[in-house]
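The values are calculated or read from the model by the stated rules, or taken from the named source; none is laboratory data. No experiment lies behind these values; they were computed from the predicted model shown. Backbone-built Cβ (ideal geometry, glycine too); neighbour counts: all protein chains shown.
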Amino acid sequence: MSKMYEVEASCSRCSSRFKASLFKSIWGEHEENRALVFGDQINVLQCPLCGTRTRAPASLMYVDLKRGFVVWYEPTPDPMIDAELPQYAAMFGPESCYVTAPRIADWQHFKATIERFERGELRAKPPSVENSRAAMQSLLKSLPKQKQGCLLVVALAGTLVGTLGFVAARLLLRG
Ligand SMILES: [Zn+2]
């Protein structure tokens with residue numbers, strides 16, 4: 001499942017402020033999602049007042065589990081990715097595509113990297129089913145104990161549960 005969040009943006013031209021929805025992750029194995037990326041239509045902010053369009057300087061995780069790879073678009077260094085990596089290692093295995101995913105700062109290079117995975121020039125290791133099952137159970141068990149003091153942890157766990165639940169469901173269905 002692709003994941004979205006809301007931001008408040010301000011126009012670089014007329015400075016008007018507006019709300020926008022951005023993708024945090026996108027499941028590229030679905031053709032309509034892939035088209036959003038390759039048509040440069042994803043995470044583009046359009047000012048409702050003057051129409052100026054700019055790409056949001058926001059990280060985006062591109063996931064294609066059918067072909068078994070993950071690529072990050074990371075226009076500026078994003079500590080959230082660093083924070084999530086150990087969790088991904090625990091859940092999907094330390095050598096899985098979630099952990100080894102390239103982190104690409106340039107948009108064109110990001111798309112070219114996806115294409116190299118699609119052509120088989122780059123390869124990655126699919127998530128480990130055993131890791132996912134065990135980690136999902138321990139993560140779910142740990143959730144009710146968390147205090148509301150640490151919003152970051154709760155938000156992070158929310159993201160991970162969403163991602164992991166979907167991945168685990170797919171892996172289990174696949175057998
Ligand atoms: Zn504007």
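Taking Leu49, is it within 18 Å of Thr113 (Cα to Cα), hydrophobic (A, V, I, L, M, F, W, C) and either more than 16 Å from the ligand (Cβ to nearest atom) or not in a helix (DSSP H, G or I) (or both)? Answer is no for this residue.
The number of residues in the range 17-45 being within 16 Å of the ligand (Cβ to nearest atom) and either without any contact (Cβ under 8 Å) to a residue 12 or more places away in the chain or of a type in the set (Gly, Ala, Ser) (or both) comes to 2.
With the requirement that a residue be among the charged types (D, E, K, R), part of a strand (DSSP E or B) and over 17 Å from the mean Cα position of the chain (by Cα), what does the range 1-46 give you? Write out each step before concluding.
So the first thing to find is which residues in the range 1-46 are among the charged types (D, E, K, R), and the list is 3, 6, 8, 13, 17, 19, 24, 29, 31-32, 34, 40.
From what's left, part of a strand (DSSP E or B): 3, 6, 8, 17, 19, 24.
Listed by number, the residues that qualify are Glu8, Arg17, Lys19.
Looking only at the range 7-16, which residues are within 12 Å of the ligand (Cβ to nearest atom) and either loosely packed, with under 11 Cβ neighbours inside 10 Å or farther than 10 Å from Pro48 by Cα (or both)?
Keep residues of the range 7-16 that are within 12 Å of the ligand (Cβ to nearest atom), which gives 9-16.
Of everything in the range 7-16, those that are within 12 Å of the ligand (Cβ to nearest atom) and either loosely packed, with under 11 Cβ neighbours inside 10 Å or farther than 10 Å from Pro48 by Cα (or both) turn out to be Ala9, Ser10, Ser12, Arg13, Cys14, Ser15.
Yes/no matrix, rows are residues, columns are (1) crowded, with 19+ Cβ neighbours inside 10 Å; (2) on the phi < 0 side of the Ramachandran plot; (3) not basic (Lys, Arg):
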| site | (1), (2), (3) |
| --- | --- |
| Tyr62 | yes, yes, yes |
| Gly68 | no, no, yes |
| Ala83 | no, yes, yes |
| Glu121 | no, yes, yes |
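In this structure, does Ser2 turn out to be at pLDDT below 95, closer than 25 Å to Arg123 by Cβ and surrounded by 15 or more Cβ atoms within 10 Å (Cβ to Cβ)? Spelling it out, Ser2 is indeed at pLDDT below 95, closer than 25 Å to Arg123 by Cβ and surrounded by 15 or more Cβ atoms within 10 Å (Cβ to Cβ). Just so you know, in the range 52-81 the residues that are assigned to a strand (DSSP E or B) and within 16 Å of the ligand (Cβ to nearest atom) include one that is nearest to Ala101 (Cα to Cα), and it is Arg55.
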